[in-house]
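The values are calculated or read from the model by the stated rules, or taken from the named source; none is laboratory data. Because the structure is a prediction, the values reported are computed rather than measured. As a convention, Cβ positions derive from the backbone with ideal geometry for all residues, glycine included, and neighbour counts pool all protein chains shown.
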Amino acid sequence: MHYAQVFINGLMLGGLYACIAVGFSLVWGVLNVINILHGTFVVLGSYIAYFGYAHLGLHPFLSIPISGAVLFVLAYLVQRGLINRVIGAPVLTTLVLTFGLDLLLNNAALLAFSADYRTVQLANPLGSKIVAGLVLPLERVWAMLLALGLTGLLYLVLVRSKMGRAIVAVRTDPEAAALMGVNVRRTYAITFGLGALMAGAAGSLLSLIFPISPLNSGEFLGLAFVACVLGGLGTVPGAMIGGLALGVIQSFAASLIGAEHGLTVAFVLLVLLLIFRPTGIMGRKGFE
Amino acid sequence: MKRIALTAAGIAVLAALPVLGDNYLLRLGTMFGMYAVLALSWNIIGGFAGYPSFATAAFFGLGAYTGALLQNAGVPMPLAWAAACLAAALFAAVLGIAILHLKGHYFAIASLVVGEVLLEIATSWTDLTGGGTGLNLPIIRISVDAQARLFFWSMLTLGVLTLALTWAVASSRLGFGLQCIRQNEDAAAMVGINTTLYKVIAFTLSALFVGGAGAMYASWVFYIEPPDVFHVLTSVKPIVMALLGGAGTVFGPVLGAAVFLVTEELVWRNFLDIHAAVLGLIIVVLIFFLPRGILGLVRGRPAPPEGAAPLAMGREAQ
Amino acid sequence: MSKILALERVSCRFGGLMALSEVDLAVRPGEVLGLIGPNGAGKTTLVNVITGVYRPSSGRVVFDGRRIDGLKTYQIARLGIARTYQIVQPFPDMTVLENVMAPAVFGPHACGMAEARRKALEALEFVGLGAHAHMRASELTLAGRKRLELAKGLAMDPKVLLLDEVNAGLNPAEIDVALELIRRIAERGVTIIIIEHLMKVVMTLCHRIAVLHHGAKIAEGTAAEIGRDPRVIEAYLGHRYARAQGAEVPRG
C-alpha cells in the first residue's frame, strides 16, 4: 500500500515535470539550442501566479493564460532579437549565450522579487480525498491533470495546426521547409515562445506546490534536462514519459533514501543514461 | 619573439606587485593567476579539441577537497597541492573515457552535471567533508603579509606552468591532432589519429592544474564549502575568459583572464547586487561583438564559417 | 594469386537492411580495381567496412595477411589504407598544407612536423596544388578540394588507396586531369580501388572491375567482360533492355 502511495505521489510530481520538460525539449529539438533560460521562465510563471493571487485573488490555475502569454511574448522577443542570430553556431556559442541571458534575467528577478521563498496560501483549499486508502491532495491532482492536459494540447497543436506542421517541418529539414514557403526564422521564434509558454504554465501550476524564488531556477532546468534525456529528445510523448518516469523515480528515491537526495538521484541517473544510453529509454535517436 | 617579450614584460609587471603593492593588489594578482590556470586549462579541451566542457567546477572542487582533506590529515601543503593535481587528472581520465564519446550538447550536459553530482556528494557525505557546514583548513603560522606573498607566488607559478603546458601541447603532435579532431573528427581518424586517446589526454591535461588551483584556493581562504568550490560559474567563467581572449590560441586565455578579472573587480566593488547580470552582459557582448575574441580582433583574419574558434597553433606548430 | 586486400563473405546489416551480403573481393598488389554499381548498391558501405567505420556483421577483411575487421579506423589507416571521401572532408580552417601534413604526421610512416611538411609539399606538387599550399582549405574550389583529398591520401604513402567518387561533380576537363593523376599514382605501385559512376573512368583506368547491386557482388572481370554481362546490363538498364541485349550475348 505504501508503495502505491509513493507511486501516485511520483505521478503527481511527474505530470508537472512533463510540462516543464516538454517546452525545453521542443526548443532543443527544433532550434538545436539548449535553453538555459528555461528554469527562470518557470520561476517567472510562478511569480505571475503568486501576484495574481495576492493582488487580484485570481486562483493560480486561472493565471495560466496570463503567465503563458507573458512568457510567450518575452521569449518571442528574446529569440527574434538575440538567439536567432546564433542559430546554427557551435554548441558552445548558443549554450554560453543562453547562460548569459539567464544570468541577466535571473538577476533582474532577484532584484525585483528578492531571494525570499514565497508560497501561495489558498484561502479555500480543496484539501485531500482518500480513495482506496490512497491520499490524494486535490490541488496536486488537478495540477497534474492540467499539466498533462496542456502537454497533450501542445501535441495536438504540433500535429494538427498549420503552425505546428511548420514547426515539425523545420525540425526535420529547415532548408526544405524554407523551399516550401515556411518562414523559418519566424517559426524558430514561435517555437521558442511556445517553449516558454509551457514553462510559464508549469510555473503557474507549481506555485501551489513549491516555494517560489529565483534561486529555484537551476533545479527546474536540471529536471527538464533529465526528463528530456530520459524520454528521448525532441518529441512530446518522449518528454511526457520522461517527466512521469522522473517523478516516479524521484518519489521512490525520496521514500527510500531521503527527500533531500531527490535531485542527486536525478543527476546520477542522467550521467548514467548519457554514458550508456544517450538515446533515452524509448531508444529513439535524439537530435544532436 | 615579440610574443616572448610581451610575456616577459607581463611576468615582470606581476613580479613587481609584491614590491609595489599592498595586499589588495596581491590578492588581485593571485586571482589573476588562478583565473589564468582555469582559462588556459579549459582551452586545451574546449579551444584546441573543440569539446564544450563544463567540467571545470568538478575538477576545481575535487582538487579543493582533496587538498583540504590531505592537509587536515597532516600532509604538508605543497604535497597536498600536488596530490590534488593528480586526483583531478585521474578523475578526468576516467570521466573522459566514459563521456568523450558524446558530442555537442550531450557532452556539455554530461560534463556540467558531473560537477552537480560531486556537489551533492560533498554536501551529503558529512563524515568526510563536513557536509554543508564546510571544512576548515589548518592555519598557516606566518604573518598576513607573508601569506599574501606565498599564495601570490604559488598561484602565479601554477599559471606559468599551465601556460608552458599549453604551449607544449600547441607545438606538439598532440596539439596538431586535437586541431584536426576539432575541425573534423571522422577525417581525423581516417588520417591515423587515435581520436579517443587524444581526447582523453586533452581532457586529463585540462583537469591537472585546475585540481591544483582548487587546492591552493582552499589553502588560501582557509575554509571551503560545497556550493562555493563546485559553483557552476567556476565552469562558465573560464569559458568566457578563453572566448574573450581567443579560444584555441596560446595567449588568448591569459589575456581574457586579465580583462575578465579587471571587469569583474570593478563590478564587485561598485555594484555587488548586479554582479551576475554584468557577467551576463559581458557574455552577450562577447558573443555578438567579439566572436573571435580580442586576439581574433587584433589579427583581423576573416571570420571562419559557423563561428569556429581561431587557430594560432597550427602556424606555431611548424 | 597474391592478395594485398581481401574481403571474405562480408555482410553488413543495418537493422532490417542488408547493405552488403556475402561479398567476396580480392585485390592484387599494384592492381587498379574498379567498383561500380547503381546508387545504393553498397559501394560506400564497402569502403566504410574496409576502413573500420562499420564493423561487418559477418565475414572477414584481410589486409596484407592480417585480419583487420574489428580494428579501429585509425589503426587501419596506420597499416597503410588511405581513402578519399565522396563528400570531401577537409579540415576547413587549416591551410591546404596543414591538411596534407596531418596524414603524414599521423599515418603509417609517422614523422615529425618538418618531415611532414616536406612530404606534404611533395604531395601537393604532385596533384598540382603547390601554388595553393597556404590557402585555407575551405577557400578551394570543388575540383581543388577533390585534389586535396587525393593529396591527403598520397601523403600517407599508403599501400592501398580507396577513391570514393573523386570525380563526382567535376567537369570533363577536370575529370581528364584527375584521370591522369590517378594513372600516375598507380604507376608508383599504389594499389587502388576506384568507386565510380562514370564508365569512362573505370573503363580506361581499371585492370579489373567488380559490380555491386543491392549489396551483392553480381559480376567481376575485365572491362570487356563486364560490358557483356547480362546481369550487369539488367542492374543498370532494367529488365527489358537486358533481355533485348541478353539475346545477343549467347550468339556473339
- Task: Scan region C:16-51 for residues that are assigned to a loop (DSSP other than H, G, I, E, B) and within 22 Å of C:ARG208 (Cα to Cα) and report the count.
- Result: 11
- Task: State all residues of region A:117-148 that are at positive phi and hydrophobic (A, V, I, L, M, F, W, C); if no residue qualifies, say none.
- Result: A:ALA132
- Quickly run through region B:191-250 and pick out the residues that are within 14 Å of chain C (Cβ to nearest Cβ) and of a type in the set (Lys, Arg). B:LYS199
- Selection over region C:1-43 where residues are surrounded by fewer than 21 Cβ atoms within 10 Å (Cβ to Cβ), under 15 Å from C:ILE81 (Cα atoms) and touching a residue at least 60 places away in the same chain (Cβ under 8 Å) yields a count of 5
- Residue count, region C:89-115 (criterion: free of Cβ contacts under 8 Å to residues at least 24 places away in the same chain and under 15 Å from C:ARG78 (Cα atoms)): 2
- For C:ARG67, the lone unmet condition from (1) closer than 21 Å to C:LEU161 by Cβ; (2) among the basic types (Lys, Arg); (3) in contact with a Cys (Cβ under 9 Å, 6 or more places away or on another chain) is (3)
- Output the qualifying pairs, or none if there are none: Cβ atoms under 6 angstrom, residues six or more apart or on different chains, first residue in region B:277-288 and facing chain A (nearest Cβ under 7 Å) and within 17 Å of A:PRO214 (Cα to Cα), second residue assigned to a helix (DSSP H, G or I) and of a type in the set (Gly, Ala, Ser). B:GLY280/A:GLY100
- Being crowded, with 20+ Cβ neighbours inside 10 Å and of a type outside the set (Val, Ile, Thr) narrows it down to one of B:LEU70, B:LEU79, so name that one. B:LEU70
- Message: Can you pull out every residue in region B:230-249 that is over 13 Å from the mean Cα position of the chain (by Cα) and crowded, with 24+ Cβ neighbours inside 10 Å?
- Response: B:PHE230, B:LEU244, B:GLY245, B:GLY246, B:GLY248, B:THR249
- Task: Might you let me know whether region C:155-165 holds any residue that is more than 10 Å from chain B (Cβ to nearest Cβ) and assigned to a helix (DSSP H, G or I)?
- Result: no
- Contacts under 8 angstrom Cβ, first residue in region B:115-128 being under 16 Å from B:LEU69 (Cβ atoms) and touching a residue at least 12 places away in the same chain (Cβ under 8 Å), partner assigned to a helix (DSSP H, G or I) and among the polar types (S, T, N, Q), 6 or more apart: B:ALA122/B:THR129; B:THR123/B:THR129
- Selection over region C:187-207 where residues are crowded, with 20+ Cβ neighbours inside 10 Å and under 16 Å from C:LEU25 (Cβ atoms) yields a count of 8
- Quick one: is B:PHE54 out of contact with any Ser or Thr (no Cβ under 7 Å at 6 or more places or on another chain) and either modelled with pLDDT under 95 or within 14 Å of another protein chain (Cβ to nearest Cβ) (or both)? no
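Yes/no per residue for (1) within 14 Å of another protein chain (Cβ to nearest Cβ); (2) touching a Ser or Thr at 6+ places or on another chain (Cβ under 9 Å); (3) among the aliphatic types (A, V, I, L, M); (4) under 19 Å from A:ILE241 (Cα atoms):
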| position | (1), (2), (3), (4) |
| --- | --- |
| A:ILE8 | no, yes, yes, yes |
| A:LEU11 | no, yes, yes, yes |
| A:GLY15 | no, yes, no, yes |
| A:ILE34 | yes, yes, yes, no |
| A:TYR53 | no, yes, no, no |
| A:LEU58 | no, no, yes, no |
| A:VAL70 | no, no, yes, no |
- Message: Anything in region A:17-32 that is under 10 Å from A:ALA239 (Cα atoms) and within 14 Å of chain B (Cβ to nearest Cβ)? List them, or say none.
- Response: A:ALA21, A:PHE24, A:SER25
- Message: Given the options C:ALA26, C:ALA77, C:ALA6, name the one that is of a type in the set (A, V, I, L, M, F, W, C) and out of contact with any strand residue (DSSP E or B) (no Cβ under 6 Å at 6 or more places or on another chain).
- Response: C:ALA77
- Query: Residues A:LEU122, A:LEU111: which one is surrounded by fewer than 18 Cβ atoms within 10 Å (Cβ to Cβ), assigned to a loop (DSSP other than H, G, I, E, B) and not β-branched (Val, Ile, Thr)?
  - Reply: A:LEU122
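Do we have any residue at all in region A:140-156 that's within 19 Å of A:TYR188 (Cβ to Cβ), more than 9 Å from every other protein chain (Cβ to nearest Cβ) and of a type in the set (A, V, I, L, M, F, W, C)?
yes
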- Report yes if some residue within region A:167-188 is within 30 Å of A:VAL6 (Cα to Cα) and at pLDDT below 90; otherwise report no. no
- Query: With B:GLY115, B:GLY130 as the choices, which residue is touching a strand residue (DSSP E or B) at 6+ places or on another chain (Cβ under 9 Å) and either within 14 Å of chain A (Cβ to nearest Cβ) or modelled with pLDDT under 90 (or both)?
  - Reply: B:GLY130
- Considering only residues of region A:16-61 that are of a type in the set (Gly, Ala, Ser) and under 10 Å from the mean Cα position of the chain (by Cα), which is surrounded by the fewest Cβ atoms within 10 Å (Cβ to Cβ)? A:GLY39
